[in-house]
Amino acid sequence: MKKNLKQKIVIIIGVLVVFLYGAFFGFDAPRLGGGQPLLNQLTQHIHLGLDLQGGVHLILQVQVKEAVSTETDNTVARIEQDLKTAKLTFSQVTKPDATNHPETMHIEGINPTQSNAVRSLIDGKYSNEYDISGGGGDNSLTVTMKPNIEKALDDKTVQNTIEVIRDRVDSLGVSEPIIQQYGLGDNQILVELPGISDLDRVKNIISTTARLSIHAVVGGPYPDEQAALSSVGGNLPSDQELVHGSGSMATGSDVDSVYVLQRIAIVAGTDFRSADPGTDSNTGQRTVHFTLTNEAGDKFYEYTSANVGHSMAVVLGGRVKEVANIESAIRDSGEIRGSFSTDEVAILSKMLRTGALPASLNYLEDRTVGASLGADSIKQGVTAAIVGVLLVMIFMLVYYKGSGINADLALFLNLVILLGFMGFSGATLTLPGIAGVILTIGMGVDSNVLIFERIREEMRAGKAPSAAVDQGFAHAWTTILDTHVTTIVSAAILFLFGSGPVKGFAVTLTFGLAANLFTAVYVSRVIFDTHVNNLKTGEAVSI
Amino acid sequence: MELFRSVNVDWLGKKWYFLAFSLIFSVAGIISMSAHWAKTGSPVPLGVDFKGGTQVEVQFKQAPDTEQIRQATAAAGIRDASIVNYDIPSHHEVLISLPEQHVESSLDTGQQQIHDALRAKFGEGAFEIRNVSVVGPTVGKQLEKQATLATLYSLLGMLIYLWFRFQLIYGIAAVVACFHDTLITVGSFALLDSFGFKGMEISLTVIAAILTLVGYSMNDTIVVFDRIRENLRLSRRESLADVVNRSINQTLSRTVLTSGLTFLTVLSLFVFGGPVLRGFSFALVVGILIGTYSSIAVAAPMLVAWQQWRAGSSKAAVLPAAKRSKV
C-alpha cells in the first residue's frame, strides 16, 4: 500500500461526514427520528433567496437632512437662550434656507458694540460642532454645522433608522429579515422580507414616521391658512409654523383647521421613554399614556410651570392631534387623547415604544416576488441543474470508462461539500446561485478532463500506470490552480461589488471552486492511487 | 474513446481568417450597439434593473388576450405600457412594463394602477401577480455603475494574477481575448434586439453571466498558455509559432471536451431554466462558444505577434520561458 493512502481515505471520509452533517443540520444538533423527513432538514438549512421563496425587497433612502434640521432647530433655541441670558442684543436667529441647507443658521441684528461679545460667546460654546463666520459690518453671524459633524449625524440617523425598522419588522413576524445599509453611501437601506407579499402593509409599518412632539400654541384654530397668516400680520416669523389639525378632538367641530405653533418643540420624539395604549375610564376615549426621559421631564416641568394657562399642541405625523391647556406643572408623564382608532392607538403606542424614525424615508426600489413564482423558479433551476449533471456524468462514464467513475464520484462529493458549506455558513441560495452551481460543475469536469487527458498523453508516451498517473496530476495541477484562482478572483470581485442575486452567484461559485480544488485534485488522486495499487502487473488503467 | 489522438493543425497560419472573423463579429456588435444607442439612448437593451421603471409579471387563469390588457391599461390612463406574452403559452403569463418614473416618491403608483386596471377588467380571481419590480432612477444608475466597475475590476484582478504567474504580455493577451468575448456577447444582445427578438435584456443576472463568461474564457486561455509555457521550457530552439501551434493541438482534445460538456450544462439551463434565466443562459451559450474560440484564435496569435514585433523578423523563441511554478 502506498504511503499515507489509508490516512488520506480517512480524511476524505471525515470531510464527507462533516459536510453531509452541515448540509442537513448546519450547526444545529441533529434531530433525527423526530418524525421529520431528512429532505425537510435539508431544505430548512439551506436558506433560499427571495427569488426562490417569494418576498418583498425594498431599497429606502433616509432623508437625513430632516435629522440635521431637528438638530439645528435645537441649536437655534439654545443660542437664543444663551444670548438672552447674557443680555446681548440681537433681533433673531434664523435658518435662511431650511429646506436645502438646514445646517446653516444666521444670528441677525446684533448690536455693533456687542458683536465681539456675541462672537466670543458663540465661539466658546459651539465651535466644537459649528463653523462660525461673519461678524463683519452687517451685524450678523453665520453658524454652520461642521461637515464631519454633519456626516456623523447622517450616519447615526441611518443607523437609528435601521434599528427602528428592525424593531418594527419584528412585529411582522418575518423569520429572517435582512435590514442593512446599502449601496455606495447615499444613506440607503436595504430591507428584504422573505415570505411576505403584502407590500402596502409593510410600507405602512416601515415608513410611518410616528414623530410625536409637543409645541407651544401661538394662535388657533383658524379656518384656513389665509386666516392663520393674517393673524400673525401676513408674514410668518421664522420660528413659527402652520400646522393643520385633524379630527374632532383637536378642533371641536371643525374638521379642517390651522394652528400657528412655535416651530421648535418643547418635547420631541426622542424625549419619550415609553408609551402605552389606554382608555379613559370616564369618557371611554382611547388614550396614549406616555412617560418622558428624566432630562426631558425636567425641561417639560420648567416649561409647564412657567406657562400655566397657555395651550400646547400635540403634533403627530405633521398634524395637530390634540390641544391642551396647561392647568398645572407636569413633570414626566401624561396622556394624549386624540381622535384615535383602535388600530391607530395600537400602532402609535408600538411606534412610540420602538421609537420614531429620526427622518422620513423615500422608496428607491421595490420588488415583490410571488411565492408561486419562487416555487416555479426553484423547480426549473433544480431541474436544469440535475439534467446538466446527469448528462455530464453519463458522458464522462462513456468517454473515460473506468476513470469516469472516478470523475463522477469527485463531482458528487463536490456537490455534497457545496451543500454543506451553504448549511454551515447560512449563505443564501438564489436562482443565479443555482447557475453558479452549474458552472462549478463545468469547472469540476474541466479539472478532471485536464488530468485525464494528461494521463492519456503520458500513457501514449509509454509510461507505466503509476508513473502516468503521477505525471498527469503533476502537470495538470498548475493549470488547475491558475484557472481556479482567476475564477475565484473574479467571483470575489463580484461578491464585493455586486448586490443581491449577483452576490448569491459569487457565493456558490467561490464555495464550489474551493470544494473542487479538493475533490478534483486530492480525492481524485487518492482514488487513482488506490486503483493503481490494486492493478496486477501489466494491467492498464481504464481511461 | 478518444476524440483527437494526434492533430497537427497550423492554427497560426489561419490567423488572418480568425482576424477577419473576429472583426466582422466585433464590428457587427459595435454597429448594432451604436444603432441601439441612437434609437434608445443606451447601447444595449437594458432591463428594469438598470434603466429603472416598473415591471409586473401577471399569470392569468385563462389564456390572456394582450389586446384586452392593452385596452384595460389604456382606459386606466397608463401610457407607454409595453405588454408582451412571456414564457411558454400554456403558462398564460404576461409581462407589463412601464418606463422609468421620474418622481421617486410615487414609485408605487404605476404598479397600483396596473393592478387596479386588471382587476376592473378581468375581476379579482382571474389573474395572479407573480412578480413586481419597481426600480427608481437613482438605483438603476447605481447598479449600472456597479456592474461596469465589477467587470473592469474583475479583468484587472485577472490581469494582475497572470502578470504575477506568467508575464505581462500573457495577461494582456488574455484580457484582450476576454474583452473581445464580452464585446461580441453584449453585442449579440443588441443585434438580437434590432432583429426584433424582444425580452433579451441586460439584467443583473445577465451581468453575472457576462462575468462568468469572462472567467470561463480566461480559464480556457490559461490552459493553452500553461501548455505554451511548459513547451517553451522544453524546447528553446523551436520557433514560438510552432510551440504555440503544438500547444493548442495538445490541449485541443481537452478544449473541445470541456467546452462541449459546459455547453451541455448551459444548454440544459437554457432549455429547462425557464424565462427567468433565459437572458442569463443565452449569454452563457454565446459566451462559451466565443470564449473557446478566442483562446485559440485571439489570445495565442497575440503572443506570437507581440514576440515577432519585439524581435524584428527573428523567428526564434525569444519569449522567455516564464517563471518556473513553485506551487
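Listed from fewest to most Cβ neighbours within 10 Å, the set A:R367, B:R236 follows the order B:R236, A:R367.
Sort A:F511, A:F473 so that the residue with the fewest other Cβ atoms within 10 Å of its own Cβ comes first and the one with the most comes last. Could the numbers behind the result be given before it?
Details: A:F511 25, A:F473 20.
By the 10 Å Cβ count, ascending, the order reads A:F473, A:F511.
Taking the centroid of alpha carbons for each part, segment A:131-202 and segment B:251-272 are 48 Å apart. Distant-in-sequence amide contacts of A:V218, defined by a placed amide H-H separation under 5 Å and a gap of 5 or more residues or a different chain, comprise A:V260, A:L261, A:Q262.
Order these by the 10 Å Cβ neighbour count, fewest first: A:S175, A:S197, A:S542.
Numbers: A:S175 8, A:S197 16, A:S542 13.
Listed from fewest to most nearby Cβ atoms, that is A:S175, A:S542, A:S197.
Cα centroid separation, segment A:444-461 to segment B:166-195: 29 Å.
Here the extension length gained between A:K151 and A:A464 equals 105.6 nm, from 0.36 nm per residue of separation less the Cα-Cα distance. Taking a ≥ b ≥ c as the square roots of the eigenvalues of the Cα gyration tensor, chain B is classed as prolate, since a/c reaches at least 1.5 and a/b is larger than b/c. Amide H contacts under 5 Å for A:S333: A:L292, restricted to partners 5 or more places along the chain or on a different chain, H placed in the peptide plane at 1.01 Å from N. Karplus-derived 3J(HN,Hα) values for segment A:139-155, using 6.51 cos²θ - 1.76 cosθ + 1.60 with θ = phi - 60°, are 6, 9, 9, 9, 10, 10, 5, 5, x, 5, 5, 5, 4, 4, 5, 4, 4 Hz; glycine and proline are entered as x. Using a cutoff of 8 angstrom between alpha carbon atoms and counting only pairs six or more residues apart, the relative contact order for chain B works out to 23 percent.
Distances between placed amide hydrogens fall under 5 Å for A:S274 paired with A:T291, all partners being 5 or more residues away or on another chain.
Which of rounded, prolate, oblate describes segment A:391-543, given a ≥ b ≥ c as roots of the alpha-carbon gyration tensor eigenvalues and a/c under 1.5 marking rounded, otherwise prolate only if a/b is larger than b/c? It would help to have the intermediate numbers written out before the result.
Working: a/c = 2.73, a/b = 2.19, b/c = 1.25.
Prolate is the answer for segment A:391-543, as a/c is 1.5 or above and a/b outweighs b/c.
In order along segment B:7-13, phi translates into HN-Hα couplings of 8, 9, 9, 8, 5, 5, x Hz, rounded to whole numbers, per the Karplus curve 6.51 cos²θ - 1.76 cosθ + 1.60 with θ = phi - 60° and x for Gly and Pro.
Normalise the Debye intensity by I(0) for the protein assembly as shown, one equal point scatterer per Cα, no solvent, then take log10 at q = 0.05, 0.06, 0.07 Å⁻¹ and round to two decimals. Values, matching the q order: -0.41, -0.56, -0.72. Here each label is just a point 7 Å from Cα along the line to Cβ, and for B:E2 and B:Q112 those points are 7.1 nm apart. For segment A:46-73, the residues whose backbone nitrogen is under 13 Å from a point 7 Å from the Cα of A:D186, taken along Cα to Cβ, are A:59-62. Modelled spin-label separation between B:D65 and B:I30, with each label point placed 7 Å from Cα along the Cα-to-Cβ direction: 5.0 nm. The per residue volume of the convex hull around the alpha-carbon atoms of segment B:196-274 is 118 Å³. In terms of its alpha-carbon gyration tensor, segment A:368-421 comes out oblate; a/c meets the 1.5 threshold, while b/c is at least as large as a/b. For chain A, relative contact order (Cα pairs under 8 Å, six or more residues apart, normalised by length) works out to 19 percent.
Across segment A:530-535, coupling constants 3J(HN,Hα) worked out from phi with the 6.51/-1.76/1.60 Karplus curve, θ = phi - 60°, read 4, 4, 4, 4, 8, 5 Hz, and Gly and Pro carry x.
Using only the C-alpha atoms of segment A:104-231, find the volume of their convex hull and express it per residue in Å³.
Numbers: hull volume 26.8 nm³, N = 128.
For segment A:104-231, the hull spanned by Cα atoms encloses 210 Å³ per residue.
Per residue of peptide B:206-219, the mean number of Cβ atoms on other chains within 10 Å of the residue Cβ is 6.
A short reminder: the numbers here are calculations on the coordinates, not readings from a lab. Here the structure is a predicted model, which is why all the values come from computation and not from measurement. Heads up, the Cβs are rebuilt from the backbone with ideal geometry, glycines too, and the neighbour counts pull from every protein chain shown.
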